[in-house]
1. Pairs of alpha-carbon atoms within less than 8 angstrom and 6+ residues apart define the contacts here; what relative contact order does region 71-170 have, in percent?
2. Among the GluC sites (Glu not before Pro) in region 252-342, which ones are in a DSSP loop with at most 12 other Cβ atoms within 10 Å of the Cβ? Mind listing them?
3. Tally Lys/Arg at +1 and Asp/Glu at -1 over every other residue whose Cβ is under 12 Å from the Cβ of Phe313; what's the total?
4. Work the Kirkwood hydrodynamic radius out for region 204-243: mean of 1/r over every pair of different alpha-carbon atoms, inverted, in Å.
5. Which value, in Å² rounded to 10, gives the accessible area of Thr680 with a 1.4 Å probe and all protein chains present?
6. Kindly rank 111-118, 122-129 from highest to lowest mean number of other beta carbons found within 10 Å of each residue.
7. Return the distance in nm (one decimal) between the two label points of a simple spin-label model at Glu334 and Ile569, each offset 7 Å from Cα along Cα→Cβ.
8. Post the alpha-carbon centroid distance, region 499-577 to region 76-134, in whole angstrom.
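The values are calculated or read from the model by the stated rules, or taken from the named source; none is laboratory data. Since this is a predicted model, take the numbers as computed values, not measurements. Positions of Cβ are generated from backbone atoms using ideal geometry, with glycine treated the same way; all protein chains shown enter the neighbour counts. Protein only, heavy atoms only, side chains kept; ligands, DNA and RNA dropped before computing areas. Shrake-Rupley method; radii C 1.70, N 1.55, O 1.52, S 1.80 Å.
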Amino acid sequence: MGIKEEIDKLTEELKVYQDKYYKEGISLVSDNEYDRLTDKLIELEKEHPELQHPDSPTKRVGSDLTNDFPEVRHTIPVLSLDKAYSDEAVLDFFSRSIQKEGGALSFAAEEKIDGISMVLYYEKGMLVRAVTRGNGEIGNDVTPNIMTMRSVPLSLPEAVDIAVRGEVYLEKADFERLNASEPDESKRAANPRNLAAGTVRRQKSNEAARVPLTIFCYEGFWSDKSETPADHLHILSRLRDLGFRINPHLAFFDSDKQKAKKKLSDANLEGDAYGFDEIDEFIRKKTKERKNLPYEIDGLVFKINELDVREAFGYTEHHPRWAIAYKFEAPQAEAKLLDITVQVGRTGRITPVAEITPTKLGGSTIRRATLHNQEYIDELELAIGDTVSVSKRGDVIPAVENVTEKNEEGNTTYQMPADCPCCHSPIVQVGGLQYCQNYDCPDQAKGRISYFASADEMDIETLGPKTVELLYDAGILRNIEDIYTADFQQASGLPGLGEKSIELLQKGIKESVSRPFSTVLSALGAADIGKKSAEILVKNGFDSIDKIIDAAERQDVAAFASIPGFGLITGERIVKAFSSSSLRNTIEALKKAGVHMSASEDKNEDGDEAQIFAGQVWCITGSFHNFNPRSKALKEIEKRGGRTVSSVTGKTTHLLSGEGGGSKRAEAERLGVTIVDEKTFMELLGKGEEEPRDDESGQLFLL
Ligand code: IVH
């Protein structure tokens with residue numbers, strides 16, 4: 001037998017023994033025999049390195065050659081994740097994504113493994129490189145060390161070109177054991193992550209081989225796009241089938257549990273199914289279970305399942321827009337409390353704000369942190385000069401968490417002023433919160449105007465809080481309605497307001513006139529009606545401001561309270577808000593300016609429709625009363641930004657189903673596609689009353 005044949009034979013034989021042992025726990029040969037064969041192969045490979053197989057089983061053993069970890073450029077973006085520190089922030093990510101997509105979405109939730117980020121590159125099914133994350137563009141090639149890991153396949157059952165992202169980690173028990181056996185205390189690692197990181201960079205791979213590192217793989221990037229599965233679940237099951245280790249603790253979220261369950265089983269995956277309403281429960285459960293896991297996790301990763309949506313959402317410089325990491329521990333920092341100022345919000349709510357020494361926290365420098373209300377200050381017994389811990393728990397707004405050291409100046413617990421710091425009217429207590437009840441308080445007015453113009457509301461880009469403040473103080477803009485009537489030429493020459501910016505401001509204002517009614521309704525900020533509740537009001541028949549005002553005038557609390565999800569308190573607040581003469585004056589003035597005050601105006605004079613179906617994919621089946629021929633319905637969808645297709649597939653978001661729709665309807669049901677009947681469709685088009693029918697089977701899709 002020639003050398004090549006001998007190497008080939010030994011390689012094959014050892015591979016079989018390894019696989020049997022590590023995958024099934026079965027030893028086909030004695031340890032001695034196994035070692036003898038391995039040594040033999042190592043020797044032959046040393047003499048004839050050109051004959052070594054790239055996936056030779058000797059790679060698992062490592063070598064005593066010195067590694068130098070050359071820098072290599074990643075061929076995929078290796079980004080990190082945006083962070084959230086509360087269930088609300090995760091829920092907000094879900095609803096923002098769904099709103100942006102304009103259609104149904106589902107989300108995978110995975111454990112965020114506290115390990116070392118790794119990219120495994122395979123060419124024609126062979127592992128060619130294992131690269132650390134580095135700066136996301138360039139990382140270190142640590143292939144020899146990673147090849148010693150049993151859980152990293154050296155070759156795949158198919159000749160695919162693929163990059164796989166995963167987390168290399170060490171189980172807690174292995175960490176304890178290895179650390180305890182290290183006699184030199186100064187060489188012991190602080191935690192499993194550190195030991196794993198050290199091992200990945202060991203200069204000799206035979207030393208790395210002694211540490212039982214393992215990996216969970218969670219993303220796959222195929223060079224040939226046509227091989228990429230349509231969603232994350234299928235990526236995971238495909239990775240598993242290719243021999244990668246995926247985390248069995250998978251959770252999956254859809255609008256309801258059953259849908260989630262079905263998608264998991266369609267992808268042939270085990271996992272826990274949840275409805276969107278169970279996010280907080282899920283987070284609580286995982287937080288509790290965390291300490292019982294054999295490995296360390298520092299959070300949970302929520303990812304949009306649909307790959308086409310991921311592509312459409314894209315990436316910022318640092319992170320994908322289609323995923324978010326919930327972190328168990330909010331970053332905390334210490335700072336000194338320099339002062340407490342009092343802010344007046346647009347609703348009159350008065351909030352104490354801590355002014356602190358500039359402190360680095362979660363990647364940014366903070367100077368202010370919220371203190372919520374007087375009760376909170378009292379609980380902390382907080383005084384100026386105290387040292388406090390601050391956190392980014394609520395994600396964006398930092399909060400003071402604790403007093404870590406009392407001040408030495410003898411300052412006592414801070415007391416909020418009795419009067420509004422802005423307009424000096426008396427502060428009123430409402431259920432533990434403090435309010436200024438003067439509607440004309442300048443800070444409230446500025447807040448209302450800024451809120452109305454903000455990106456999520458009327459989206460008047462050039463009218464930010466600073467400009468509002470300037471224009472208010474100059475007497476040009478005193479209330480929301482002034483936006484449409486003020487003479488902005490008077491503002492020319494105010495700091496930062498040149499002719500050009502005034503022109504842009506006027507253009508932005510003009511464009512905002514055609515925002516849909518439900519946006520106007522939430523932009524008014526009345527009774528804290530937000531985007532969602534405004535839409536619900538419209539869908540429940542309050543599709544014009546007159547209808548809302550009529551009900552408020554009748555003091556018809558029940559008309560609002562009976563709307564699902566609203567209740568008595570909300571009903572009372574809406575009635576109160578829309579009975580106020582100040583708000584009514586604003587509404588009248590906005591009406592005159594041409595701002596939409598009913599859903600029926602939500603198309604402009606050129607016949608342009610509001611793009612309510614943007615991002616959605618519609619299919620149509622059966623016959624219709626109002627659309628004859630059927631193509632008329634397709635036109636209505638396309639006019640409103642929707643795409644139309646001729647068959648129901650995984651990408652279809654909605655099926656418009658008329659009478660007699662058969663197989664397409666069944667397919668849509670199978671795939672969990674939203675089915676819309678003609679009556680509901682008419683309502684969506686704002687033509688609800690045209691064809692009254694008595695069946696009530698129309699199902700609306702909220703989340
Ligand atoms: S997804 C574009 N999933 O967390 C894909 N990352 O803070 C982004 N990590 O660099 C990564 N477990 O190293 C993802 N199940 C998981 C993860 C995970 C741990 C790490 C990863 C990433 C870091 C971001």
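1. Relative contact order of region 71-170: 34 percent.
2. Values: sites: Glu270, Glu278, Glu281, Glu289, Glu296, Glu306, Glu311, Glu317, Glu329, Glu334; in loops: Glu270, Glu296, Glu317, Glu329.
Taking region 252-342 and a limit of 12 other Cβ atoms within 10 Å, the loop GluC sites (Glu not before Pro) found are Glu270, Glu317, Glu329.
3. Values: positive: Arg96, Lys100, Lys303, Arg310, Arg321; negative: Asp82, Glu101, Glu306, Asp308, Glu311.
Within the 12 Å Cβ shell, the charges total 0.
4. Values: mean 1/r = 0.0818 Å⁻¹.
Its Kirkwood hydrodynamic radius stands at 12.2 Å.
5. We get 0 Å² for Thr680.
6. Values: 111-118: 21.6, 122-129: 16.9.
By packing density, highest mean first, the sequence is 111-118, 122-129.
7. Placing both labels 7 Å beyond Cα along the Cβ direction yields 3.8 nm.
8. 36
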